[in-house]
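Asks: First, the structure itself, so that you have it in front of you.
Since every read-out is calculated from the coordinates, none of them should be taken as a lab result. Since we're looking at a predicted model, the values are computed, not measured. Ideal geometry is used to build each Cβ from the backbone, glycine not excepted, and the neighbour counts take in all protein chains shown.
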Amino acid sequence: TAAVAAPVLVTVALAGSLLGATATLGGAKATEVRERTAADFVVTSAGDTGFDEPALRRIRAVDGTTEVAASSSTAVYVLEDGVALIRSDARAVEPGPLAATARLPLAAGRAEDLDDDSIIVNEEWAEHTVGERVDVWLGDGRRKSLRIAAVMTTGTGDNGAYVTPHNAAAAPVDRVDVRLAAGADPAAAASDLREAVRTSGGKVLTKDEWVRGTAPAADRTTRVGLFMVLGIALLYTGVSLANTMVMATSDRTRELTALRLAGATRWQVLRLVAAEALTVVVIGGLLGTLVAGLNLAGMWGALGLLSVWTPVVIPWATLGAILCACAVLAVVASVVPAGLALRAGRDVPYRP
């Protein structure tokens, strides 16, 4: 039983852990984006030129909008240990609109305290104490000492940093977060926003569309790597199952013959052999699912320590397909030898 259940356990546990971890981490990143976005619409630019000032004025003039936060993508660099220049993605935005359209996962400080002489960092930075100053190189190459206004939690690693537009003068506005007033018509506002950015080629997304669009997806290389590992594991499981079941069934020829002499029909014996094989596969599958669940529970706890609480995703469809494949292999590898043994020994008397 252990020899049959072990490869099933390993394959199910490996598939559940690998695919479940990937899906859970993707869900955690999507949860982060959803929780920190307070805007009703996110308007993104079509190219590297961003939105010009007339386009921004048209967006601000849309009826029903109460807060409009125009931000730019930039970067800041900090020298760690005197040798390593570390790059951190950042966004340049005014503090008032930022506080109104985003819910930053702050561990200390306030987003409203951001000004031209300060920066919002995360806990991954070597220096992350509110009120302390940190020397950085801005995206345009200028070196500047900025006061830490607030500190964000680490999260899944995409929290980045925030500065004011004064510290990213050359960065074009590539994103506008729009929050509607209470009672405003979302459909009418969306139509007006699309008209406002039509000449700029901008794209208007609802909050849900923005979350789906920014949710990470495994690239082709990652998917191929995962399925290669699972394919090798499944191949190993198939060989192990077939070999073990054939040998085990061959060693039970006398027992099967005894059942026939006791009055069991040939098909009853074969059904018993198949049921035994399925039972062992189910046991291995349950144990493998338990192992995968424990692994994913550990990952869930680790994400919680990073202040990201997200549901654990278990790939039930994949696990079910693997169990079905294992069940078919086990049944075939046990029933066929049993049938051949019964056919060969049907005229042989049983001798205890």
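Asks: With helices defined as uninterrupted DSSP H runs, which ones in the chain have an alpha carbon span along their own long axis of at least 30 Å and mean Kyte-Doolittle hydropathy of at least 0.5? List each step's numbers first, then the result.
Replies: Numbers: long enough: 2-36 (50 Å, 0.89); 220-251 (46 Å, 0.96); 266-305 (59 Å, 1.37); 316-344 (42 Å, 1.94).
Membrane-span-like by this criterion, though nothing is claimed about a membrane: 2-36, 220-251, 266-305, 316-344.
Asks: Kindly rank 230-237, 276-283 from highest to lowest mean number of other beta carbons found within 10 Å of each residue. Working shown, then result.
Replies: Details: 230-237: 15.9, 276-283: 19.8.
Per-residue Cβ counts within 10 Å, averaged per peptide and sorted highest first, yield 276-283, 230-237.
Asks: Also: Would you mind getting me the FRET efficiency between Val332 and Ala107? Use the beta-carbon distance for r and R0 = 51 Å, nearest 0.05.
Replies: Numbers: r = 57 Å, r/R0 = 1.12.
Between Val332 and Ala107 the formula returns 0.35.
Asks: Thr65's amide H: which non-local residues (gap 5+, or another chain) put their own amide H closer than 5 Å, with H modeled 1.01 Å from N in plane and none for Pro or chain starts?
Replies: Result for Thr65 returns Ala181.
Asks: From zero outward in steps of 5 Å, how is the percent of C-alpha pairs of segment 46-201 spread across the bins?
Replies: It works out to 2, 9, 17, 20, 18, 13, 10, 6, 3, 1, 0, in whole percents.
Asks: Shifting gears a bit: Using the per-residue mean of other Cβ atoms lying within 10 Å as a proxy for protection, in what order, highest first, do the peptides 186-199, 324-337, 3-16 fall?
Replies: Numbers: 186-199: 15.9, 324-337: 20.1, 3-16: 22.7.
Per-residue mean Cβ counts within 10 Å order the peptides as 3-16, 324-337, 186-199.
Asks: Calculate the length of the line joining the C-alpha centroid of segment 1-67 to that of segment 303-326, in whole Å.
Replies: Using only Cα atoms to place each centre, the spacing works out to 17 Å.
Asks: Measuring from label point to label point, each 7 Å out along Cα→Cβ, what is the Arg212 to Ala297 span in nm?
Replies: In this crude label model, Arg212 to Ala297 measures out at 3.4 nm.
Asks: Moving to a separate point now. Counting only residues 5 or more places away or on other chains, whose amide H sits under 5 Å from the amide H of Asn122 once H atoms are built in the peptide plane?
Replies: Met152
Asks: Give the span of the chain's Cα atoms along each principal axis, as three whole-Å numbers ordered largest to smallest.
Replies: In descending order, the Cα extents are 97, 52, 31 Å.
Asks: Distance in nm between label sites at Thr129 and Thr44, each 7 Å beyond Cα in the beta-carbon direction?
Replies: 3.9 nm
Asks: While we're looking at this one, here's another question. Within 10 Å, count the other beta carbons around each residue, average over each peptide in 69-77, 203-211, and list them highest first. Could the numbers behind the result be given before it?
Replies: Numbers: 69-77: 21.7, 203-211: 17.0.
Result, highest mean first: 69-77, 203-211.
Asks: Among Met247, Met152, Met299, Met228, which comes first, second and so on when ranked by fewest other beta-carbon atoms within 10 Å? Don't skip to the end; give the middle numbers.
Replies: On the way: Met247 13, Met152 25, Met299 17, Met228 10.
Fewest-to-most ranking of Met247, Met152, Met299, Met228: Met228, Met247, Met299, Met152.
Asks: Also, quick follow-up: Out of Leu306, Val134, Ala150, whose Cα points farthest toward the positive end of the dipole of the chain (charges: +1 Lys, Arg; -1 Asp, Glu; placed on Cβ)?
Replies: Leu306
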